[in-house]
1. Being within 26 Å of THR8 (Cα to Cα) and either of a type in the set (S, T, N, Q) or in contact with a Cys (Cβ under 7 Å, 6 or more places away or on another chain) (or both) is true for just one of ASN80, ASN112. Which residue is that?
2. So which pairs qualify, if the first residue must be in region 50-64 and farther than 17 Å from VAL6 by Cα, the second must be in a helix (DSSP H, G or I) and among the hydroxyl-bearing types (Ser, Thr, Tyr), the Cβ gap must be under 9 Å, and the two must be at least 6 apart or on different chains?
3. Do you know which residues across region 93-136 are among the hydrophobic types (A, V, I, L, M, F, W, C) and part of a loop (DSSP other than H, G, I, E, B)?
4. Specify which of the listed residues (ALA85, ALA41) is in contact (Cβ under 8 Å) with a residue 12 or more places away in the chain, on the phi < 0 side of the Ramachandran plot and not aromatic (Phe, Trp, Tyr).
5. May I ask you to list the residues in region 64-102 that are of a type in the set (A, V, I, L, M) and within 14 Å of the chain's Cα centre (by Cα)?
6. Of the conditions (1) in a helix (DSSP H, G or I); (2) farther than 30 Å from SER115 by Cβ, GLY75 fails just one. Which one is it?
7. Considering only residues that are of a type in the set (A, V, I, L, M, F, W, C) and in contact (Cβ under 8 Å) with a residue 60 or more places away in the chain, look in region 1-16 and name the one that is surrounded by the most Cβ atoms within 10 Å (Cβ to Cβ).
Amino acid sequence: MAMLWVKTFHIVFIASWFAGLFYLPRIYVNLAQQSDSTVQATLLGMARRLYRFTTILAVAAILLGLWLYLGYGIGMGPGNGWMHAKLFFVLLVIGYHHACGSMLRKFEQGKNVRSHKFYRWFNEVPVLLLLVVVALVVVKPF
C-alpha cells in the first residue's frame with residue numbers, strides 16, 4: 001500500500017514539474033520579444049519564481065522515483081530494459097531543466113542572443129521527452 005502512495009506522489013510531482021517546464025520557455029518567448037524594461041522586470045520575476053518552484057518539484061519527483069527504483073525495485077532485474085532507456089530520458093529532462101536555468105541567468109544579465117522563435121521551438125522539447133518517457137513506462141517495449 002505504501003508503494004502506491006509513493007507512486008501517486010511521484011506522478012503528481014512529475015506532472016507539476018513538467019507544467020513548469022512547459023510554461024517557463026513561454027515566458028522566455030515573451031522576454032525575447034519585449035523591449036519595455038518594466039514588463040521585462042515583471043517577466044523576469046515570474047521566470048525566477050517559477051524556476052525555483054519547478055526545481056523543488058523536480059527534486060521531489062526525482063527523489064520519489066529513486067525511492068520506487070531502489071526501495072521497491074521497480075524496473076530492476078531482467079526484462080526491464082525500458083527502465084534504463086527511461087532513466088536516460090530522465091537525465092535529458094534534467095539537462096533541459098538546467099538549460100532553462102542557464103537561459104534565465106542570461107536574461108537576467110541582459111545577455112540573451114536568441115530570438116522568440118528559438119524559444120518557441122525550445123518549448124516543444126519537454127513535450128517530446130514526456131511522450132517518450134510515458135511510452136516507455138506504459139508499453140515497456142524491451
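A short reminder: the numbers here are calculations on the coordinates, not readings from a lab. Owing to the predicted nature of the structure, the values given are computational and were not obtained by experimental measurement. We place every Cβ from the backbone using ideal geometry, glycine too, and count neighbours over all the protein chains shown.
1. Among ASN80, ASN112, only ASN80 is within 26 Å of THR8 (Cα to Cα) and either of a type in the set (S, T, N, Q) or in contact with a Cys (Cβ under 7 Å, 6 or more places away or on another chain) (or both).
2. Pairs that qualify, where the first residue is farther than 17 Å from VAL6 by Cα and the partner is in a helix (DSSP H, G or I) and among the hydroxyl-bearing types (Ser, Thr, Tyr), are LEU50/TYR23; PHE53/SER16; THR54/SER16; THR54/TYR23.
3. The one that is among the hydrophobic types (A, V, I, L, M, F, W, C) and part of a loop (DSSP other than H, G, I, E, B): VAL113.
4. ALA85
5. The answer is LEU87, VAL90, LEU91, LEU92, VAL93, ILE94, ALA99.
6. All conditions pass for GLY75, except number (1).
7. That would be VAL6.
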